[in-house]
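Q: Quick one: this structure, given as structure tokens, is what I'll be asking you about.
The values are calculated or read from the model by the stated rules, or taken from the named source; none is laboratory data. As the structure is a computational prediction, the values presented were derived from the model and not from experiment. Virtual Cβ from ideal backbone geometry, glycine too; neighbours counted across all protein chains shown.
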Amino acid sequence: MLRIFITIAVVAFLWWFLFSFNKAPAAQRKQLLTKFLLYGLAGGLLLLVVTGRAPWFFALVGAAIPWLQRLLVLKNAWNAFKPKSDSSVSSGKTSTVRSEYLQMSLDHDSAQMNGQVLKGSMAGQELNQLSLEQLLDLLAECAADADSQNLLTAYLDFRFSDEWRQHASFSGEPPAQASNTTMTQAEALAILGLESGASKEEIILAHKKLMQKLHPDRGGSEYLASKINQAKEFLLS
């Protein structure tokens, strides 16, 4: 009976992880994986205690500690002498997307997203300082502007995954495509995090890096992906 219960618990836990991992935005998957490993370790220790194998496990850990310490020393020595590759250097680039109510920014290196309210009752406030309730009020407040709703929806997905939708009072989803308004060169450069005079290679590389983080197939935003594609097409044309 105990084995059946354990099997069901393990299968349910794995199903929960796979479902949550596929639904989570790309920027949050590393955090979710860490949480899964911690829960799995805690569950494994509990299982050892229940089955009476905990003393054997702790004895094995005690024997492994000296070897782990030696490996850590070797790893630190390797890192000290290992040559640094170009990929280890931070690009320091930030993408900016602006709408009537919001200005959203995305750090290329950390994939962290934040924004500032430009209009309405919460003008001047940073999005990461607002609670979920305040963000949902802001979402309702900017209902007249599809671009603002799309930007805020992308931020809510990034910060709260799909959980925020259970508390949302608005019906339906705002359009998931870029606005039909003509994009300017300054806007296109800001979206890709580039400066005036960027080469064709720089435009393509910036587009590729951003799409690796924001492509819908990787849990990103369809709206932001469409804006990134629009910016690339404008600059290359």
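Q: Quick one: count up the residues across region 159-174 that are part of a loop (DSSP other than H, G, I, E, B) and either modelled with pLDDT of 60 or more or surrounded by fewer than 14 Cβ atoms within 10 Å (Cβ to Cβ) (or both).
A: Just the residues of region 159-174 that are part of a loop (DSSP other than H, G, I, E, B), to begin with: 161-162, 167-174.
Now drop any that are not either modelled with pLDDT of 60 or more or surrounded by fewer than 14 Cβ atoms within 10 Å (Cβ to Cβ) (or both), which leaves 161-162, 167-173.
Adding up the residues that qualify gives 9.
Q: If you don't mind, there's one more thing I want to ask. Taking region 89-131 on its own, how many of its residues are farther than 18 Å from residue 160 by Cα and either part of a loop (DSSP other than H, G, I, E, B) or among the β-branched types (Val, Ile, Thr) (or both)?
A: Matching residues across region 89-131 total 22.
Q: So which residues in region 180-228 are of a type outside the set (A, V, I, L, M), surrounded by fewer than 16 Cβ atoms within 10 Å (Cβ to Cβ) and not in a loop (DSSP other than H, G, I, E, B)?
A: Initial filter on region 180-228 (of a type outside the set (A, V, I, L, M)): 180-182, 184-185, 187, 193, 195-197, 199-202, 207-209, 212-213, 215-223, 226-227.
From what's left, surrounded by fewer than 16 Cβ atoms within 10 Å (Cβ to Cβ): 180-182, 184-185, 195-197, 199-202, 208, 212, 216-218.
Those that are of a type outside the set (A, V, I, L, M), surrounded by fewer than 16 Cβ atoms within 10 Å (Cβ to Cβ) and not in a loop (DSSP other than H, G, I, E, B): 185, 200, 201, 202, 208, 212, 216, 217, 218.
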